[in-house]
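Notes follow the structure.
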Amino acid sequence: MRLDTKSILRLRNALLERSGIKLAHQSHPGLDASSPEMQALLARVEPMGEALYLMMVIDGQTEPQERQSLERAIQILTADSLPDQSINQLFEGYEARVRTQGTESRMTQVGAQLCADKEDAEATLMLAAAIALADGNVALSESKMLESLSEWLGFSTRQAQSILDR
């Protein structure tokens, strides 16, 4: 699967440069962490973030650019509504689930959650490609993970490449 498409490179650069791209449906400034709105937003974003986290850790090396890209992706998806502490808590939860359940089990579960919403599935695939490319080097394990992710999200290889080529 080709990852160095113009849109993925733009998305990667945007994540690394902390641009103002907004993928969330609307801005949620100042939401209380316990509010129903924030809980709904977290329920939507958490599986997306976990898929991206799995992409980041699959090669056994977490480069600073990958972590920065993942943090920014979550900020973008939540319209900058989550404080850094909440993002770190998400990461801790992702790490704990991978440790106890394994990467493939987690990706299967996350893919099952995300495939129901085509828009979220497409955004996750594009962001995962940007995370894989964040350090400028796509490891074989990352490439294979992206192919598996596209399948778990319900995309054929052709559909996935079409999404990444946009």
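I'd like the full set of residues that are polar (S, T, N, Q) and assigned to a helix (DSSP H, G or I), limited to the range 122-144. Explain how you work it out, then say what you get.
Of the residues in the range 122-144, the ones polar (S, T, N, Q) are 124, 137, 141, 143.
Answer for the range 122-144, where residues must be polar (S, T, N, Q) and assigned to a helix (DSSP H, G or I): T124, S141, S143.
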Of the candidates T62, T78, the one satisfying the condition of being under 21 Å from K144 (Cβ atoms) and free of Cβ contacts under 8 Å to residues at least 60 places away in the same chain is T62
Those residues of the range 152-165 which are exposed (fewer than 11 other Cβ atoms within 10 Å of the Cβ) and in a loop (DSSP other than H, G, I, E, B) amount to S156
- For the range 145-163, state whether one or more residues are basic (K, R) and touching a residue at least 24 places away in the same chain (Cβ under 8 Å). no
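Yes/no per residue for (1) within 16 Å of A128 (Cα to Cα); (2) among the small types (G, A, S); (3) touching a Gly at 6+ places or on another chain (Cβ under 7 Å):
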position: A73; (1), (2), (3): yes, yes, no
position: L82; (1), (2), (3): no, no, no
position: Q85; (1), (2), (3): no, no, no
position: N88; (1), (2), (3): no, no, no
position: F91; (1), (2), (3): yes, no, no
position: R97; (1), (2), (3): no, no, no
position: T100; (1), (2), (3): no, no, no
position: S105; (1), (2), (3): no, yes, no
position: G111; (1), (2), (3): yes, yes, no
Being out of contact with any Phe, Trp or Tyr (no Cβ under 9 Å at 6 or more places or on another chain), assigned to a helix (DSSP H, G or I) and more than 21 Å from A40 (Cα to Cα) narrows E147, E119, E95 down to just E147
The residue that is surrounded by the fewest Cβ atoms within 10 Å (Cβ to Cβ), considering only those in the range 127-143 that are modelled with pLDDT of 85 or more and over 16 Å from the mean Cα position of the chain (by Cα), is L140
Picked from the range 102-126 (must be hydroxyl-bearing (S, T, Y) and surrounded by fewer than 21 Cβ atoms within 10 Å (Cβ to Cβ)), the residue modelled with the highest pLDDT is S105
Within the range 72-87, of all residues that are surrounded by 12 or more Cβ atoms within 10 Å (Cβ to Cβ) and part of a helix (DSSP H, G or I), the one farthest from the chain's Cα centre (by Cα) is S86
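The values are calculated or read from the model by the stated rules, or taken from the named source; none is laboratory data. Worth saying up front: this structure is predicted, and the values here are computed from it rather than measured. Reconstructed Cβ throughout: ideal geometry from the backbone, glycine too, with neighbour counts over all protein chains shown.
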